[in-house]
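As structure tokens, the structure follows; a few thoughts come after it.
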Amino acid sequence: MLKKHQWWQEGVVYQIYPRSFQDGNGDGVGDLAGIRQRLDYLAWLGVDAIWISPIYPSPMADFGYDVSNYTDIHPLFGTLDDFDALLAEAHARGMRLILDFVPNHTSDQHPWFAESRASRDNPKHDWYIWRDPAPDGGPPNNWLSSFGGSGWQYDATRGQYYYHAFLKEQPDLNWRNPAVQDAMLDAMRFWLDRGVDGFRIDVIWHLIKDEDFRHNPDNPEYEAHMGEHRRLLSTYNTDRPEVHDVIARMRELLDHYPDRMMVGEIYLPVERLVTYYGTGAGGVHLPFNFQLIGMAWDPVLIRAAIDQYEAALPPHGWPNWVLGNHDNHRIASRVGAAQTRLAAMLLLTLRGTPTLYYGDELGMADVPISPQQVQDPLEKNMPGLGLGRDPARSPMQWDDSVNAGFSTAEPWLPMAADYRDVNVRAQARDPHSLLHLYRKLIHLRDDWDALAIGRYRGFSAGAQLVGYLREHENERLLVLLNFDTAQQVVDLGDLLCGEILLSTSLKREGEPVAQTLLLDGFEGVIVRASCN
Ligand code: GLC
């Protein structure tokens, strides 16, 4: 592999939602000791880095995304010693560790907020976003919380409102204040000095708000099923130009350490998304590309999305792709079981760093959650709209024993009903399983520079297909994905011949190919082109 590429460019990232991965101490909630137990599985799968959702002390109003101390570990997950042991063991296996960092807001239980809300003139009085009431006593402007209702909460002690982009238990920090920036950079330094390889930065496009607190305009595309939080466009409370200055400070810090990276969580249209690479590489290393999560599963749209993204990337911008995460419905539920293999091949053969969500390699689907079982505050605040995130956070399915080997205690969220069939042990034994397909795809990226770092070129193969070439030096691979239930004959045109390197069925490897290729319904193949 060429040394001019970094680990976060060549590698595959695996997201662990720590509450749901493996319980090591029998309390029904996953923890760091549990992750340690499963490192051999991750090494076997072949992933290069793990990103762990927040493990800091937190009242858990938003399951860890409400941090009350940035430089410690929640006892539910373990201790700093457990963390150091996990990091060392991951490194010993050649795996990197990316921490989730949540800079936009703290918990309302964070000592900074306690101090800030105590008076209008304490040293931290402007560490959060405080505003006087509107003349009628109501909120200062119309900004909404992403979790429903107004984004402003009145505080009687200060006689002012504070802004919270999410829950009222998650007050937004005032990132225009240099002291806040310094404190958060110190927290990042704490983990960098401990040896973490990077950060996934939570809602990074939210950090800076409009200086004048202008009202947000109406969203012309709003429909009630989207949830009240979509009634307005987030014009003035997100994606403000000055956000790039604070990201540049984070980047400068990371650049003082060798081989570190940050990936930013950003839900924006592609032309806005790519601005987060920064000018002259002063931005995040990777702004998460969520196109495949947000769009309809349609080959015409997917081809257009890939082309648009490739064209929009700045010269220094390395691409990346995501199929699922802890905030969205599972890929298996969005596209259906019949197309999970196609989705896997797409994710792992497109140009750029793939991030895969724990359990997607098994085809884990959304788990139905009854109203009594709901944990997610988003579902509690806006029930019945299908916005709830619990279904995609169910415990990992390791084997067919009680609670799928996740825990000896009742898990914090219900297990999938099908875990006796859909689990790591069963799929590891079946050489044609989805798990083996993921593993082979991941390993192929190690074997073929064309896949890991090669160029991308669209290959037109019919309306129902997504096709592309990946090329590097003398390596030339053709990826063909059939999005139709029906068989398709693909004319290879001047590509003439080659052999199948991998098929989604895992049954056609080595098959010679010449001039035309027959694909089954929902089949994908990687062809090694050898005659042209
Ligand atoms: C991010 C997280 C999500 C969380 C929110 C507020 O979007 O991914 O889980 O609820 O930020 O911190």
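Throughout, read-outs are computed from the coordinates displayed, never taken from laboratory work. Keep in mind the model is a prediction, meaning the values are calculated, not measured. Methodologically, a virtual Cβ is constructed for each residue, glycine included, from the backbone with ideal geometry; neighbour enumeration extends over all protein chains shown.
Remarks
- Spatially, region 238-272 and region 1-48 are offset by 24 Å when compared through their Cα centroids.
- Only Lys, Arg, Asp and Glu carry charge here, each on its Cβ (+1 for the first two, -1 for the last two); on that basis the chain has a dipole of about 560 debye about its Cα centre.
- Mean silhouette area of region 162-209, derived from the convex hull of its C-alpha atoms and averaged over all directions, reads 4.0 nm².
- Computed 3J(HN,Hα) for region 51-60, one whole-Hz value per residue from the Karplus formula 6.51 cos²θ - 1.76 cosθ + 1.60 where θ = phi - 60°, is 10, 10, 4, x, 10, 7, x, 6, x, 6, glycine and proline marked x.
- The longest stretch of the chain left intact once loop-based GluC sites (Glu not before Pro) with at most 15 other Cβ atoms within 10 Å are removed from consideration, loops following DSSP, is 243-472.
- Its Cα gyration tensor gives the chain an equivalent ellipsoid, and the semi-axes of that ellipsoid, as √(5λ) in whole Å with the largest first, are 40, 26, 23.
- When the charge dipole of the chain is built from unit charges on Cβ atoms (+1 for Lys and Arg, -1 for Asp and Glu) and taken about the Cα centre, the candidate among 167, 321, 485 whose Cα reaches farthest toward its positive end is 485.
- Förster-model FRET efficiency, 30 Å R0, residue 485 and residue 530, C-beta, rounded to 0.05: 0.45
- Three-way shape call for region 1-160 based on the alpha-carbon gyration tensor, with the a/c threshold at 1.5: prolate
- Ranking 436, 90, 133 by Cα position along the charge dipole of the chain, where only Lys, Arg, Asp and Glu carry charges on their C-beta atoms, puts 436 farthest toward the positive end.
- Region 486-532: C-alpha gyration tensor shape, a/c 1.5 cut-off, then a/b vs b/c: oblate
- In sequence order, calculated HN-Hα J values of region 343-355 (Karplus, 6.51, -1.76, 1.60; Hz; x Gly/Pro): 4, 4, 5, 4, 4, 9, 10, 5, 6, x, 6, x, 10
- Assigned charges on the beta-carbon of Lys, Arg, Asp, Glu; region 135-238 dipole about Cα centre (debye): 120 debye
- What the Cβ-Cβ distance of residue 156 and residue 475 gives, at R0 = 60 Å and to the nearest 0.05, is a FRET efficiency of 0.35.
- Percent antiparallel among DSSP beta bridges (both partners in the chain, rounded to 5): 60 percent
- Separation in nanometres of the label points that stand 7 Å from Cα toward Cβ, at residue 436 and residue 245: 5.7 nm
- Paramagnetic reach from residue 401 in region 14-50 [backbone N under 19 Å; point 7 Å along Cα→Cβ]: 20-42
- Think of the chain as having a plus end and a minus end, set by charges on the Cβ of Lys, Arg, Asp and Glu; of 146, 177, 350, 350 sits farthest toward the positive end of this dipole.
- Approximating the spin labels as points 7 Å out from Cα along Cα→Cβ, the residue 410-to-residue 91 distance works out to 4.1 nm.
- A Förster radius of 25 Å combined with the Cβ-Cβ distance from residue 223 to residue 268 puts the calculated FRET efficiency at roughly 0.75.
- Applying the Karplus relation 6.51 cos²θ - 1.76 cosθ + 1.60 with θ = phi - 60° to region 8-24 yields 3J(HN,Hα) values of 7, 8, 7, x, 10, 9, 10, 8, 10, 8, x, 5, 10, 8, 7, 8, x Hz, where x marks Gly and Pro.
- In the chain, lysine pairs with alpha-carbon atoms under 22 angstrom apart (chain gap of 8 or more, or interchain): 5
- For region 236-275, size of Cβ-based charge dipole, Lys and Arg +1, Asp and Glu -1, in debye: 40 debye
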